[in-house]
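S.K.: Dropping the structure in here first, questions after.
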Amino acid sequence: GGWRLWIDDKTGVRLKSEQLNAQDSVTLTTYFTKIDYTPTFDPADFSPGSLPRVKHEASLPNGPPLANVQAAQQQVDYTLREPVLPSGFRLAGVWVVGLPGGHNVTVLRYTDGPNNFTLFEQKARQKPAAATAQGANPMRRNLRHWISGDVSFSLLGNIRPITLKQIADSLQ
(Lines give C-alpha, C1' and ligand atoms only; values in the text may rest on other atoms or scores of the structure.)
Protein backbone atom coordinates (compact mmCIF):
# COMPACT_ATOMS: atom_id res chain seq x y z
CA GLY A 1 0.00 0.00 0.00
CA GLY A 2 0.93 3.64 -0.21
CA TRP A 3 0.50 6.65 -2.45
CA ARG A 4 1.46 7.71 -5.96
CA LEU A 5 1.71 11.45 -6.54
CA TRP A 6 1.91 13.58 -9.69
CA ILE A 7 3.58 16.90 -8.89
CA ASP A 8 3.94 19.95 -11.18
CA ASP A 9 7.73 20.46 -11.45
CA LYS A 10 7.44 24.25 -11.83
CA THR A 11 4.98 25.02 -9.01
CA GLY A 12 5.16 22.06 -6.64
CA VAL A 13 1.38 21.67 -6.84
CA ARG A 14 0.03 18.15 -6.43
CA LEU A 15 -1.90 17.49 -9.64
CA LYS A 16 -3.03 13.94 -8.99
CA SER A 17 -2.76 11.32 -6.26
CA GLU A 18 -3.65 7.66 -5.96
CA GLN A 19 -3.96 5.68 -2.76
CA LEU A 20 -2.93 2.05 -3.10
CA ASN A 21 -3.92 -0.95 -0.99
CA ALA A 22 -1.59 -3.80 0.04
CA GLN A 23 -2.01 -5.42 -3.39
CA ASP A 24 -1.00 -2.17 -5.14
CA SER A 25 -4.51 -1.68 -6.47
CA VAL A 26 -5.80 1.90 -6.62
CA THR A 27 -8.42 2.50 -3.93
CA LEU A 28 -8.74 6.28 -4.24
CA THR A 29 -7.86 8.81 -6.94
CA THR A 30 -7.98 12.59 -6.68
CA TYR A 31 -7.00 15.05 -9.38
CA PHE A 32 -7.56 18.57 -10.60
CA THR A 33 -9.41 19.25 -13.83
CA LYS A 34 -8.51 22.95 -13.83
CA ILE A 35 -6.02 25.06 -11.89
CA ASP A 36 -5.89 28.85 -11.88
CA TYR A 37 -2.42 29.90 -10.74
CA THR A 38 -3.29 33.61 -10.77
CA PRO A 39 -6.70 33.94 -9.11
CA THR A 40 -8.03 37.35 -8.11
CA PHE A 41 -9.87 37.91 -4.87
CA ASP A 42 -11.86 40.78 -3.48
CA PRO A 43 -10.82 41.63 0.11
CA ALA A 44 -14.49 41.22 1.08
CA ASP A 45 -14.17 37.50 0.19
CA PHE A 46 -12.29 37.06 3.47
CA SER A 47 -14.53 39.09 5.78
CA PRO A 48 -17.17 37.54 8.10
CA GLY A 49 -19.89 39.28 6.09
CA SER A 50 -19.00 37.19 3.05
CA LEU A 51 -19.96 33.97 4.81
CA PRO A 52 -23.39 32.56 4.00
CA ARG A 53 -26.14 33.32 6.49
CA VAL A 54 -27.01 30.01 8.08
CA LYS A 55 -28.82 29.42 11.31
CA HIS A 56 -26.53 28.18 14.06
CA GLU A 57 -28.07 25.14 15.69
CA ALA A 58 -26.17 24.13 18.79
CA SER A 59 -26.55 20.53 19.87
CA LEU A 60 -26.44 21.37 23.58
CA PRO A 61 -28.30 22.57 25.50
CA ASN A 62 -31.56 21.35 24.06
CA GLY A 63 -34.52 23.65 23.79
CA PRO A 64 -34.94 27.27 22.88
CA PRO A 65 -32.93 29.91 24.72
CA LEU A 66 -34.43 32.16 27.35
CA ALA A 67 -35.33 35.73 26.41
CA ASN A 68 -32.35 37.27 28.21
CA VAL A 69 -29.96 36.99 31.16
CA GLN A 70 -32.56 38.51 33.51
CA ALA A 71 -34.94 35.62 32.73
CA ALA A 72 -32.17 33.17 33.62
CA GLN A 73 -31.40 35.07 36.84
CA GLN A 74 -34.94 34.37 38.06
CA GLN A 75 -34.26 30.62 37.85
CA VAL A 76 -30.98 30.41 39.79
CA ASP A 77 -29.87 31.13 43.38
CA TYR A 78 -26.53 32.75 42.48
CA THR A 79 -25.79 36.11 40.90
CA LEU A 80 -25.16 35.86 37.18
CA ARG A 81 -22.38 37.98 35.75
CA GLU A 82 -21.91 39.05 32.16
CA PRO A 83 -18.41 39.53 30.72
CA VAL A 84 -17.00 42.58 28.99
CA LEU A 85 -17.36 41.48 25.38
CA PRO A 86 -14.71 41.76 22.68
CA SER A 87 -15.66 44.07 19.83
CA GLY A 88 -18.34 42.60 17.56
CA PHE A 89 -19.51 39.89 19.97
CA ARG A 90 -23.14 39.60 21.08
CA LEU A 91 -25.18 37.26 23.26
CA ALA A 92 -26.46 34.39 21.09
CA GLY A 93 -28.45 32.51 23.74
CA VAL A 94 -28.87 31.82 27.43
CA TRP A 95 -30.12 28.62 29.04
CA VAL A 96 -30.48 27.26 32.56
CA VAL A 97 -29.74 23.53 32.65
CA GLY A 98 -30.67 21.32 35.59
CA LEU A 99 -27.91 19.07 36.92
CA PRO A 100 -28.11 16.00 39.15
CA GLY A 101 -28.57 16.88 42.80
CA GLY A 102 -30.85 19.84 42.11
CA HIS A 103 -28.03 22.12 40.94
CA ASN A 104 -28.31 24.41 37.92
CA VAL A 105 -25.76 25.69 35.46
CA THR A 106 -26.34 28.77 33.36
CA VAL A 107 -25.02 28.60 29.80
CA LEU A 108 -24.35 31.89 28.02
CA ARG A 109 -23.27 31.71 24.38
CA TYR A 110 -21.62 34.62 22.58
CA THR A 111 -20.67 35.03 18.92
CA ASP A 112 -19.33 37.51 16.41
CA GLY A 113 -20.35 35.24 13.52
CA PRO A 114 -17.45 32.89 12.81
CA ASN A 115 -16.09 32.89 16.38
CA ASN A 116 -17.90 31.70 19.49
CA PHE A 117 -17.37 31.29 23.18
CA THR A 118 -19.54 29.84 25.93
CA LEU A 119 -19.60 30.88 29.56
CA PHE A 120 -20.88 28.37 32.14
CA GLU A 121 -21.84 29.74 35.56
CA GLN A 122 -22.99 27.76 38.58
CA LYS A 123 -23.00 28.00 42.33
CA ALA A 124 -19.58 26.96 43.61
CA ARG A 125 -19.71 23.60 45.35
CA GLN A 126 -16.61 24.22 47.44
CA LYS A 127 -15.52 27.00 49.75
CA PRO A 128 -14.60 30.01 47.59
CA ALA A 129 -11.38 30.66 49.55
CA ALA A 130 -10.16 27.14 48.72
CA ALA A 131 -10.17 27.61 44.95
CA THR A 132 -9.91 31.16 43.67
CA ALA A 133 -7.01 30.70 41.27
CA GLN A 134 -7.75 30.78 37.58
CA GLY A 135 -6.83 27.58 35.79
CA ALA A 136 -4.66 28.17 32.73
CA ASN A 137 -3.49 24.82 31.44
CA PRO A 138 -1.29 25.27 28.34
CA MET A 139 -2.71 22.04 26.91
CA ARG A 140 -6.19 23.59 27.08
CA ARG A 141 -5.55 26.95 25.53
CA ASN A 142 -9.25 27.57 24.81
CA LEU A 143 -10.55 26.75 28.30
CA ARG A 144 -10.49 28.66 31.58
CA HIS A 145 -12.02 27.68 34.92
CA TRP A 146 -12.10 29.66 38.18
CA ILE A 147 -14.22 30.51 41.22
CA SER A 148 -15.06 34.08 42.15
CA GLY A 149 -17.19 34.67 45.22
CA ASP A 150 -19.78 31.91 45.36
CA VAL A 151 -19.86 31.30 41.58
CA SER A 152 -17.86 28.77 39.58
CA PHE A 153 -17.05 29.91 36.03
CA SER A 154 -15.95 27.88 33.00
CA LEU A 155 -15.14 29.69 29.78
CA LEU A 156 -14.68 27.77 26.54
CA GLY A 157 -14.19 29.21 23.09
CA ASN A 158 -12.56 29.12 19.69
CA ILE A 159 -10.96 32.52 20.21
CA ARG A 160 -7.40 33.69 20.79
CA PRO A 161 -6.03 32.78 24.25
CA ILE A 162 -5.36 36.46 25.03
CA THR A 163 -9.00 37.30 24.27
CA LEU A 164 -10.15 34.40 26.43
CA LYS A 165 -7.99 35.77 29.26
CA GLN A 166 -9.44 39.29 28.85
CA ILE A 167 -12.99 37.93 29.06
CA ALA A 168 -12.11 35.87 32.15
CA ASP A 169 -10.38 38.85 33.79
CA SER A 170 -13.54 40.95 33.31
CA LEU A 171 -15.44 38.49 35.49
CA GLN A 172 -12.97 38.37 38.41
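S.K.: Along Cα→Cβ, 7 Å out, is where each label goes; now give me the distance between the ones at residue 112 and residue 158 in nm to one decimal.
M.R.: Modelled inter-label distance: 1.5 nm.
S.K.: Let me ask another. In the chain, carbon and sulfur make up what percent of the accessible area (probe 1.4 Å)?
M.R.: Roughly 53 percent, rounded to a whole number.
S.K.: Taking every eigenvalue of the Cα gyration tensor of the chain, multiplying by 5 and rooting it, what semi-axes result, largest first, whole Å?
M.R.: Values: eigenvalues 417, 88, 61 Å².
Three semi-axes, in Å: 46, 21, 17.
S.K.: Which residues does a label at residue 78 reach in the range 147-172, if reach means a backbone N under 11 Å from a point 7 Å past the Cα toward the Cβ?
M.R.: Answer for this model: 147-154.
S.K.: To continue, here is another question. Only Lys, Arg, Asp and Glu count, each charged at its Cβ (+1, +1, -1, -1), so figure out the dipole size of the chain about its Cα centre, rounded to 20 debye. Walk me through the numbers before you get to the answer.
M.R.: Numbers: 18 positive and 14 negative charges, 74 e Å.
Computed about the Cα centre, the dipole is about 360 debye.
S.K.: Remind me, what semi-axes does the range 87-127 give for its equivalent ellipsoid, largest first in whole Å, using sqrt of 5 times each Cα gyration tensor eigenvalue? Provide the component values of the computation, followed by the final result.
M.R.: Details: eigenvalues 132, 23, 8 Å².
The three semi-axes for the range 87-127 are 26, 11, 6 Å.
S.K.: With r defined as the distance between the Cβ atoms of residue 170 and residue 41 and R0 fixed at 35 Å, what FRET efficiency is calculated, to the nearest 0.05?
M.R.: It comes out at approximately 0.45.
S.K.: Something else: In nm, what is the difference between 0.36 nm times the number of residues separating residue 141 and residue 23 and their Cα-Cα distance? Present the calculation step by step, with values, prior to reporting the outcome.
M.R.: Details: separation 118, 0.36 × 118 = 42.48 nm, distance 4.36 nm.
Residue separation times 0.36 nm, minus the Cα-Cα distance, leaves 38.1 nm.
S.K.: On the first, second and third principal axes, largest extent first, how far apart are the outermost C-alpha atoms of the range 1-48 in Å?
M.R.: Over the range 1-48, Cα extents along the principal axes are 48, 29, 15 Å.
S.K.: Apply 1/(1 + (r/R0)^6) to the Cβ-Cβ distance of residue 123 and residue 55, taking R0 = 41 Å, and write down the FRET efficiency to the nearest 0.05.
M.R.: On the way: r = 32 Å, r/R0 = 0.79.
After rounding, the FRET efficiency stands at 0.80.
S.K.: If you count only protein heavy atoms with a 1.4 Å probe, what accessible area per residue comes out for the chain, rounded to a whole Å²? Don't jump to the answer; show the numbers that get you there.
M.R.: Details: 11810 Å² over 172 residues.
I get 69 Å² per residue for this part.
The values are calculated or read from the model by the stated rules, or taken from the named source; none is laboratory data. Note that the structure is predicted; figures quoted are calculated from it, not measured. Note that each Cβ is placed from the backbone with ideal geometry, even for glycine, and that neighbours are counted across all protein chains shown. The accessibility values were calculated without ligands, DNA or RNA, using every heavy atom of the protein model including side chains. Shrake-Rupley method; radii C 1.70, N 1.55, O 1.52, S 1.80 Å.
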